[in-house]
Amino acid sequence: MHPLELRNKLSGVIAFPITPFKDDLTLDLPGLHHNLTKLLEHSVSAVVAAGGTGEMYSLTPSEYARVIELTVLAVEGRVPVIAGVGFGQRLGIEMAQVAEKSGADGILVFPPYYPQADDDGMFEYYRAIGNATAAGMLIYSRDWVNFGPAFVERLTSIETLVAWKDGQGDLRRLQAIMNRVGDRLHWIGGAGDDMVAGYYSTGIRTFTSSIATVAPRLSLKLHELGAAGGGDDLVELLQRCVVPLYAMRARRKGYEVSTMKAMMDMVGLNGGSVRPPLVNVKPEEEDELRGILAGWEKFL
């Protein structure tokens, strides 16, 4: 898929599937295929394989390749498949090339392992990965990678760069970047489903959703209401169905993934455990998740 074709398909909900593991923490590939089959009954715009919610950093190189290959196989070209890449420059290049060979349509570049790196080094990191394949590249601004407008504009010289995924939730900074760069990039809200109202108020019309792994209809309703101007209906839906989950996700490191996996198990999908250093939801907290799911009944 040409980078511009990929860009043009990124509208609405981008789903971030989990990577299911068996009890012994090996890959559950049949479970992943089943999850993706159920997900694609709904009109998401793209799927990110082995992203943050997919525990990319816990996968071995061979596991990573299998996850990308199976995702491409399950999707069957219905929507773009975007593969998470990262770690360091050389490994990021190798991952991007593996993803392209496996049939992925684009790559989502995570921050490198080395924190607080110099801007020139960071530019080379993204440039080398972006030039390693013909696939469209999305950059994920998260954690310590929180660039200002001038540096993002510099990054637009990378021809394959088509989109910017904001994982910071700092709308003032994001608006300054968008004002500087304009429509050279496609802008994606990526800090969480709970940020839809804020992102859509800036003109963004695409967001990445981990809730889509459990309740795609809920994610799509958030997009529908946000694109229509939000208002009281969107606020009510966020407060009732989304904010309580995100409050729980923020309770412990790792809960942003393990809560979603636990909920998937509860609704008959395949979640399983997380791999350390992430932690599973405590057994005594599972009833709290069931209470949240009870409020999602019409979307399940």
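Backbone phi angles across the stretch 150-165, fed through the Karplus curve with coefficients 6.51, -1.76 and 1.60 (θ = phi - 60°), yield HN-Hα couplings of 5, 6, 4, 4, 4, 5, 5, 6, 7, 4, 7, 6, 10, 8, 10, 9 Hz in residue order; Gly and Pro are listed as x.
Within the stretch 238-278, the trypsin sites (Lys or Arg not before Pro) that combine a DSSP coil assignment with at most 11 other C-beta atoms in a 10 angstrom radius are Lys253. The charge dipole of the stretch 134-246, taken about the Cα centre with unit charges on the Cβ atoms of Lys, Arg (+1) and Asp, Glu (-1), comes to about 200 debye, rounded to the nearest 20. With a simple spin-label model that places each label point 7 Å from the Cα along the Cα-to-Cβ direction, the separation between Glu286 and Ala228 comes to 3.7 nm. Across the stretch 197-213, the residues whose backbone nitrogen lies under 17 Å from the label position 7 Å along the beta-carbon direction of Leu300 are 211-213.
Taking amide hydrogens as placed 1.01 Å from N in the peptide plane, the amide H of Thr206 sits under 5 Å from those of Gly12, Gly189, each at least 5 positions away in sequence or on another chain.
For trypsin sites (Lys or Arg not before Pro), the sites in the stretch 1-93 that DSSP calls loop and that have at most 12 other Cβ atoms within 10 Å are Arg78. Note on Leu238: accessible area approximately 10 square angstrom, rounded to 10, probe 1.4 Å, nucleic acids and ligands left out.
Where a ≥ b ≥ c are the square roots of the eigenvalues of the C-alpha gyration tensor, would you call the stretch 1-89 rounded, which needs a/c under 1.5, or, failing that, prolate if a/b is larger than b/c, or oblate? Verdict is oblate for the stretch 1-89. Per-residue 3J(HN,Hα) values for the stretch 131-137, derived from phi via the Karplus relation 6.51 cos²θ - 1.76 cosθ + 1.60 with θ = phi - 60°, read 8, 7, 9, 8, 6, x, 10 Hz in sequence order (x marks Gly and Pro).
Taking amide H positions as modeled 1.01 Å from N, with prolines and chain starts lacking one, the residues under 5 Å from His186 and 5 or more places away or on another chain are Ala163, Trp164. Proximity of backbone amide H atoms, modeled 1.01 Å from N, is registered between Ala49 and Ile82, Ala83, Gly84 at under 5 Å, excluding neighbours fewer than 5 places apart on the same chain. Taking every Cα-Cα distance in the chain and sorting them into 20 Å bins starting at zero, the pair-distance distribution P(r) comes out as 36, 60, 4 percent.
In this simple spin-label model, placing a label point 7 Å from the Cα along the Cα-to-Cβ direction at both Leu25 and His42 gives a separation of 3.0 nm. Stokes-Einstein diffusion for the stretch 1-160, with the hydrodynamic radius set to the Kirkwood value over Cα pairs and evaluated at 25 °C in a medium of 0.890 mPa s, equals 154 µm²/s.
With helices as the sole contributors, the chain gives -12500 deg cm²/dmol at 222 nm; each DSSP H run of n ≥ 4 counts as -39500 (n - 2.57), and the sum is divided by every residue.
Note the direction-averaged projected area, equal to a quarter of the hull surface, for the Cα convex hull of the stretch 72-126, in nm².
Orientation-averaged projected area of the Cα hull: 3.9 nm².
Across the stretch 255-270, rounded Karplus estimates of 3J(HN,Hα) from the backbone phi angles (6.51 cos²θ - 1.76 cosθ + 1.60, θ = phi - 60°) give 5, 5, 9, 5, 5, 5, 5, 4, 5, 4, 4, 5, 9, x, 9, 10 Hz, Gly and Pro being marked x. Annotated for the chain: lysine pairs at least 8 residues apart or interchain, Cα distance under 26 Å, count 23.
The values are calculated or read from the model by the stated rules, or taken from the named source; none is laboratory data. Not measured: the values here are computed from a predicted model. No Cβ is skipped: glycine too gets one built from the backbone with ideal geometry, and neighbour counts run over all protein chains shown. With ligands, DNA and RNA removed, areas are computed over all heavy atoms of the protein, side chains included. Shrake-Rupley method; radii C 1.70, N 1.55, O 1.52, S 1.80 Å.
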